[in-house]
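Reading through the structure tokens given below for one structure.
Every number here is computed from the coordinates shown, using simple stated rules; none is lab data. Since the structure is predicted, the reported quantities are computational estimates derived from the model, not experimental observations. Glycine also receives a Cβ, built like all others from the backbone with ideal geometry; neighbour counts cover every protein chain displayed.
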Amino acid sequence: MNNSQQRGQGGSPAARGTERAQARRAELIATGRALFADTSYDALSMDDIARAAGVAKGLIYYYFTNKRGYYLAIIEDAVAQLVERAGSTHDLPPVERVQRTVDGYLRYAQHHQAAYRAIVTGGVGSDAEVLAIRDAVRARLLRTIARGAWGREEIPPLARIALTGWLTSVEGVTLDWIAAPEIPRETVTALLVRGLGDTLRLIEEYEPTCPAPSRPSS
């Protein structure tokens, strides 16, 4: 059998095995996300998780080592989705890019509330590893903002402090909004986008190497 025939049948057995393993792992993560959305970390046992997933408990240990590893994998997957949403607007004009990024962020928080709260608040108590994941997603989001505003990911210290202040306010606003979403998402998006514009103009006053993007013409 030649290489093209092998590709037509789905690649090598090893590749197909890897794809199946990745699919099974993704299924387990999806199950865990649903479980942890409704039940606290401490209240769920590995037996509960295996029963809900319809698999032997040993399979979960095989992929994730233990419950903590499983929980961290779920949080990391949630972070990857959140960051992917934030970084998927690079081909748009700057103003529309910011609006889409913030709206996508709020959409994610709205539809994955348990995962979002875990990312932002640190998950299980003051879990150092979850806090490290949160800090990593903050850093990636800051780089996304810098790339959109200034065309580069390097951020001077003063600009980083100001943007971090804006981002932490976004987290607080988002947590409050998903708890009691009386305000339309579009209004919250506009509020946060306006705040970012004000922050970028303030940064420009103190850091001329970071000029604020032009205001959109009315």
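Close amide H contacts of Cys210 (hydrogens built in the peptide plane, cut-off under 5 Å, sequence separation of 5 or more or a different chain): none are found.
Note that the stretch 13-64 carries a Kirkwood radius of 11.6 Å, evaluated over its alpha carbons pair by pair. For the peptides 63-69, 144-150, the ranking by mean Cβ contacts within 10 Å, running from highest to lowest, is 144-150, 63-69. The calculated Kirkwood hydrodynamic radius for the stretch 119-218 is 14.8 Å, given to one decimal from all distinct C-alpha pairs.
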